[in-house]
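Notes to accompany the following structure.
The values are calculated or read from the model by the stated rules, or taken from the named source; none is laboratory data. This one's a predicted model, so the numbers in the text were calculated from it and none came from an experiment. Here the Cβ is made from the backbone with ideal geometry for all residues, glycine too, and neighbour counts use every protein chain on show. Note: areas computed on protein heavy atoms with side chains; ligands, DNA, RNA excluded. Shrake-Rupley method; radii C 1.70, N 1.55, O 1.52, S 1.80 Å.
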Amino acid sequence: MHLTQKAIAERIKNIDVVIELLDARLPASSANPMLAELTQGKPTLKVLNKQDLADSGRTAQWLAYYNSQSGTRAMGLDASMAAPAKALIKACFELAPKRGGMVKPMRVLICGIPNVGKSTLINTLTAKRAAKTGDEAGVTKLEQRISLADDFYLYDTPGMLWPRIIVAKSGYNLAASGAVGRNAFDEEEVALELLDYLKTHYPALLEARFKLTGVAAMSDEQLLEAIGRHRGALQGGKKINLQKAAEIAIHDFRSGVIGRMTLETPEEFAQWLTLGQTLDAQRQVKKDAIELDRKIRFKKIPRPDLRPSR
Ligand code: G4P
């Protein structure tokens with residue numbers, strides 16, 4: 001088991017509420033599927049962070065979606081919020097109303113993928129109160145204990161991605177958002193996927209940013225080339241440098257200069273998940289068949305009798 005996973009599995013036993021920090025532009029794709037397993041149905045506060053970069057109408061849809069789930073509350077957040085502690089503390093006490101006071105302090109675990117803004121949030125939370133970290137008994141080196149009030153402890157965990165992303169679109173959205181390291185994906189491929197989505201859902205924002213018309217009718221490749229041309233990403237005369245164009249498209253999306261955009265809705269994600277699970281099951285069947293064949297060949301396991309019985 002990954003060290004962070006181990007630390008979470010150990011800590012969760014004495015936790016009252018889990019705060020799951022999500023990226024408001026890709027809420028479901030930025031949710032770690034291993035976390036549900038690890039947190040064993042503990043009350044969860046979904047915090048849609050970086051809401052300043054997301055489409056506000058879609059953030060409202062996601063909040064309603066999460067708030068309709070039992071044991072779950074959701075709120076939007078961004079770094080401009082001056083005092084987020086009050087809102088977070090209030091939501092946690094709503095999820096675990098029996099906790100509170102020095103005898104039964106609220107114990108909260110905060111989790112999130114890399115780059116979701118957890119350090120920024122924790123820095124804001126601890127700006128006024130000294131962060132309690134380090135060598136306390138029961139606090140591992142992989143976590144930090146922060147006291148947000150006399151009866152409110154927040155345990156921080158390192159940002160964690162999961163080893164196998166079965167929803168292909170989530171992989172692209174995570175890469176576009178900056179959660180995945182640069183060397184782990186192909187910028188051109190990610191930019192083409194991103195533009196494919198944006199030209200359908202936010203054509204006017206793309207047209208305004210890159211001074212284009214009719215983006216919805218362009219192929220993804222034409223759109224990437226048009227962006228490169230507009231920004232002077234050229235190589236050897238007039239040829240477009242597609243790598244540079246892809247970097248520009250991804251950078252402008254991440255920084256929010258194109259506009260406020262969200263890459264998925266609850267309905268879309270449900271469809272992607274069904275497709276991802278189907279493909280994953282098919283992959284597993286193929287893998288099992290290859291493994292069985294290998295065992296038969298090399299370990300001389302008797303070949304199963306597949307003739308119909310009489
Ligand atoms: P992490 O600990 O979860 O890995 O994330 P971290 O706080 O380091 O934040 C990652 C990037 O996201 C930082 O930008 C940070 O400034 C930015 N960020 C955090 N919260 C918000 C938010 O609510 N809204 C917006 N728009 N951005 C946010 P960076 O460019 O990587 O670093 P920096 O140059 O800002 O320091």
Checklist outcome for this item: Shape call for the stretch 186-255, from the Cα gyration tensor axes a ≥ b ≥ c (a/c under 1.5 means rounded, otherwise prolate when a/b beats b/c, else oblate), comes out prolate
Item to check | Kirkwood Rh (inverse of mean 1/r, distinct Cα pairs), the stretch 148-284, angstrom | outcome: 16.8 Å
Next on the checklist: Through the Karplus equation 6.51 cos²θ - 1.76 cosθ + 1.60, θ set to phi - 60°, convert the phi angles of the stretch 10-19 into ³J(HN,Hα) values in whole Hz; use x for Gly and Pro.
Outcome noted: 6, 5, 4, 4, 10, 10, 9, 9, 9, 9
Checklist entry - For K86, which lysines qualify as cross-link partners when the Cα separation must be under 29 Å and same-chain residues fewer than eight apart are set aside? => result K13, K42, K46, K50, K98, K104, K118, K128, K132, K141
Item to check | By accessible area with a 1.4 Å probe, ligands and nucleic acids excluded, highest first: order of V180, V257, V103, V18 | outcome: V103, V257, V180, V18
Item to check | M261 accessible area, 1.4 Å probe, all protein chains in place, Å² to nearest 10 | outcome: 0 Å²
Checklist entry - ³J(HN,Hα) across the stretch 63-71 via Karplus (A = 6.51, B = -1.76, C = 1.60, θ = phi - 60°), whole Hz, x for Gly/Pro? => result 5, 5, 4, 5, 5, 7, 8, 6, x
Checklist entry - Averaged over all directions, how much area does the convex hull of the C-alpha atoms of the stretch 1-127 cover when projected, in nm²? => result 8.0 nm²
Item to check | Per-residue SASA entry for F298, accessible area with 1.4 Å probe, Å² rounded to 10 | outcome: 150 Å²
Item to check | the chain: calculated mean residue ellipticity at 222 nm from DSSP helix runs of at least 4, using -39500 (n - 2.57) | outcome: -14500 deg cm²/dmol
Checklist entry - Going from most exposed to least, what order do L242, L212, L263, L292 have by accessible area with a 1.4 Å probe? => result L292, L242, L212, L263
Checklist entry - Which trypsin sites (Lys or Arg not before Pro) in the stretch 188-287 pass both tests, a DSSP loop state and at most 12 other beta-carbon atoms within 10 Å? => result K211, K238
Checklist entry - So which residue, out of P97, P43, P163, gets the largest mean-square fluctuation from a GNM of the chain using Cα contacts under 10 Å as springs? => result P163
Checklist entry - If you rank T278, T4 by how much accessible surface each has, with a 1.4 Å probe, what is the order from largest down? => result T278, T4
Next on the checklist: Suppose all protein chains stay in the model; what accessible area per residue would a 1.4 Å probe give for the chain, in Å²?
Outcome noted: 54 Å²
Item to check | Normalised per residue, the volume of the convex hull around the Cα set of the chain (Å³) | outcome: 231 Å³
Checklist outcome for this item: Calc'd 3J(HN,Hα), the stretch 46-59, phi into Karplus 6.51 cos²θ - 1.76 cosθ + 1.60 (θ = phi - 60°), Hz, glycine/Pro = x, comes to 8, 10, 8, 8, 6, 5, 5, 9, 9, 5, 5, x, 6, 4
Checklist entry - Which residue, chosen from L192, H230, L242, occupies the Cα position most advanced towards the positive end of the dipole of the stretch 186-255, where the dipole is computed from +1 (Lys, Arg) and -1 (Asp, Glu) charges on Cβ about the Cα centre? => result H230
Checklist entry - Comparing G100, G159, G259, which has the greatest mean-square fluctuation in the GNM of the chain with Cα pairs linked when under 10 Å apart? => result G100
Next on the checklist: Can you list residues from other chains, or at least 5 along the same chain, whose modelled amide H is less than 5 Å from the amide H of K46?
Outcome noted: E20, R73, A74, M75
Checklist outcome for this item: Taking R0 as 41 Å and r as the Cβ-Cβ distance between T72 and A289, the FRET efficiency 1/(1 + (r/R0)^6), rounded to the nearest 0.05, comes to 0.55
Checklist entry - How much of S80 can a 1.4 Å solvent probe reach, expressed as accessible area in Å² and rounded to 10? => result 100 Å²
Checklist outcome for this item: With +1 at each Lys and Arg Cβ and -1 at each Asp and Glu Cβ, the charge dipole magnitude of the chain around its Cα centre, to the nearest 20 debye, comes out at 900 debye
Checklist outcome for this item: Expressed as a percent, the accessible surface of the chain that is carbon or sulfur, using a 1.4 Å probe and the full set of protein chains, is 54 percent
